[in-house]
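Laboratory data are not the source of any read-out in this text; all were calculated from the coordinates shown. This structure is a prediction, so every number in the text was calculated from the model and none was measured. Note that each Cβ is placed from the backbone with ideal geometry, even for glycine, and that neighbours are counted across all protein chains shown.
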Amino acid sequence: MSFRLLRISAIAICLSIFPLINHAFAQDSEKQESHFNYNKNDEAGLEWFIRRYKDNDPAGLVNEAELLLAELKKARMKLAEEQHAKAVEKNFLSISSSKEAKEFLSDPRNSTRKDLLAKARGLLSKLKLEEANRELQQLNSITDYQSFITNHSSNEFKELRAIAQHKILSIKTQAQMAEYESLETISDYMFFIRKYEQSDHNGFIAQTKAKVAALRDRTVQFREQLEEGDDSHCGLVVLVKDKVVQIETMIGLKYIKREQVFPHGFEECTFVNNIYQSPAA
């Protein structure tokens, strides 16, 4: 066969094959377009599409698929950020104690919301003060208030510590007043003076010393004017001598030095082993 005939035969064969190739290419393009349309709204689907057609892209859709995939990822990240921001804000709005505020501030997931972190710090201070104030309202003893002062030593609790100090002073004042009102004898008053002289905040000591001075003056006057029938701290005076006095006591007639006799109620009358014990006053 001549070269001319071979050439004509080859051309004829190619012309017969081209329609088949074009038909197959068209089918591949249609199939790719179908896959693209099916997966264009799904990240995983687009990733599969790109892998499937990266090296054989009859419809030229791989580049478009890559752009769509990037947009979907960006939209997903934005949605995740918005959802996270809402979750953080929801957690912030639910804070009702200083413990929850501290947990919010220490949670690294909240670090992106600088605005809420600043608000949480302010809320923490407010809640700590409210909780401390509620605790303070429940206290009723000096020990409780002292513990409160120790446990709330930072400057933010300065005003509450001052209230606690005032409460302590008030309790001490009430106790001192009750004790003062129960005093009866000169010895009682003298003990009271020794007990509170270094910690008197209410003028009781000066008042007590004045009371003692008045009682002693009356005692001196009582001894100078002592006569039979007078009522002494140990009982009825039945005999008065220059330096001693005989008194009808609860344990019988007893002689007591005149300088150790007090008006009735000014001192207690004490005998130990039948021997009179003069008050320290």
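Numbers for the structure displayed
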{"quantity": "Ellipsoid equivalent to the range 55-173 - semi-axes via the Cα gyration tensor, in Å", "calculated": "58, 10, 9"}
{"quantity": "Cα pair distances in the chain, grouped into 5 Å bins until the bin that holds the longest one, percent each", "calculated": "1, 4, 7, 6, 5, 5, 5, 5, 4, 4, 4, 4, 4, 3, 3, 3, 3, 3, 2, 2, 2, 2, 2, 2, 2, 2, 2, 1, 1, 1, 1, 1, 1, 0, 0, 0, 0"}
{"quantity": "Radius ratio Rg over Rh of the range 233-281, counting only Cα atoms, Kirkwood formula for Rh", "calculated": "0.91"}
{"quantity": "Cα-Cα P(r), the range 31-94, percent of pairs per 10 Å interval", "calculated": "22, 38, 17, 14, 8, 1"}
{"quantity": "Filter on LYS99/LYS128; LYS90/LYS128; LYS114/LYS158; LYS86/LYS119; LYS31/LYS54; LYS119/LYS158 - keep pairs with C-alpha separation over 18 Å", "calculated": "LYS90/LYS128; LYS114/LYS158; LYS119/LYS158"}
{"quantity": "Principal axis box of the range 154-216, alpha-carbon based, largest edge first, Å", "calculated": "53, 18, 14"}
{"quantity": "Using alpha-carbon coordinates, inclination of helix 43-53 to the longest axis of the chain, degrees", "calculated": "30 degrees"}
{"quantity": "Pairs beyond 27 Å (Cα-Cα), from LYS167/LYS195; LYS195/LYS257; LYS195/LYS254", "calculated": "LYS195/LYS257; LYS195/LYS254"}
{"quantity": "Gap separating the Cα centres of the range 162-210 and the range 28-90, nearest whole Å", "calculated": "86 Å"}
{"quantity": "Three principal axis lengths of the range 183-277 [C-alpha, angstrom, descending]", "calculated": "46, 30, 17"}
{"quantity": "Equivalent ellipsoid semi-axes, the range 139-180, via Cα gyration tensor eigenvalues times 5, rooted, Å", "calculated": "23, 9, 6"}
{"quantity": "Positive-end extreme of charge dipole, the chain - chosen from VAL62, PHE157, THR112 (charges on Cβ)", "calculated": "VAL62"}
{"quantity": "³J(HN,Hα) computed for each position of the range 62-71 - Karplus, 6.51 cos²θ - 1.76 cosθ + 1.60, integer Hz, glycine/proline x", "calculated": "5, 4, 5, 5, 5, 5, 5, 4, 4, 5"}
{"quantity": "Amide H contacts under 5 Å for THR249, placed H, 5+ residues apart", "calculated": "LYS254"}
{"quantity": "Per-selection Kirkwood Rh - the range 84-132 (Cα, Å, 1 d.p.)", "calculated": "10.6 Å"}
{"quantity": "Per-residue HN-Hα couplings for the range 27-39 [Karplus 6.51, -1.76, 1.60; θ = phi - 60°; Hz; x = Gly/Pro]", "calculated": "5, 4, 5, 4, 5, 5, 4, 5, 5, 5, 4, 6, 10"}
{"quantity": "Residue-wise HN-Hα coupling along the range 180-185, computed from phi with Karplus coefficients 6.51, -1.76, 1.60 (Hz; x: Gly, Pro)", "calculated": "4, 5, 8, 5, 10, 9"}
